[in-house]
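The values are calculated or read from the model by the stated rules, or taken from the named source; none is laboratory data. A quick note: this is a predicted structure, and the numbers were derived from the prediction, not measured. Cβ placement follows ideal geometry from the backbone for every residue including glycine, while neighbour counts extend to all protein chains displayed. Accessible surface areas use protein heavy atoms only, side chains included; no ligands, DNA or RNA. Shrake-Rupley method; radii C 1.70, N 1.55, O 1.52, S 1.80 Å.
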Amino acid sequence: MSGQAIKDALGKTIKFLRFRRGFSQADLAEKADISITFLSTIERGIKFPQPDILSKLAKALDVEVFELFKADFVPSDSKVIMSQLSTDITKNVSLTIADVFKQYMN
């Protein structure tokens, strides 16, 4: 795997995990204590972060560092991605509605 392919795979995995966690770039950048601009360049495969930044990103995404390099972690089929995102969104909306309902019932 070439250096560019590694950067691309890392960027796609970070972006996928960020979406799965419901984080905006600003959210993840803040949690990892990096700039949004730098995060954007990582996600687009332009720059490769130093080990300390990789560690911060992994911690913010609640994964191990090695998992950021699992290219097979991100489904290649867009239908699978949309299905997973739909499931995640539905779950989060249901939890939010339940929380609001509880607040108004008390």
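Would you mention how many residues in segment 3-32 are over 17 Å from Lys70 (Cβ atoms) and open to solvent by 20 Å² or more (accessible area, probe 1.4 Å)?
Number satisfying all stated conditions: 10.
Restricting the search to segment 10-44, which residues are assigned to a loop (DSSP other than H, G, I, E, B) and at pLDDT 90 or above?
The answer is Phe23, Ser24, Asp33, Ile34, Ser35, Arg44.
Taking interchain pairs and intrachain pairs at least six residues apart, which have beta carbon atoms under 9 angstrom, with the first residue in segment 49-67 and in contact (Cβ under 8 Å) with a residue 40 or more places away in the chain and the second small (Gly, Ala, Ser) and crowded, with 17+ Cβ neighbours inside 10 Å?
Cβ pairs passing all conditions: Leu57/Ala32; Leu61/Ala32; Glu67/Ala58.
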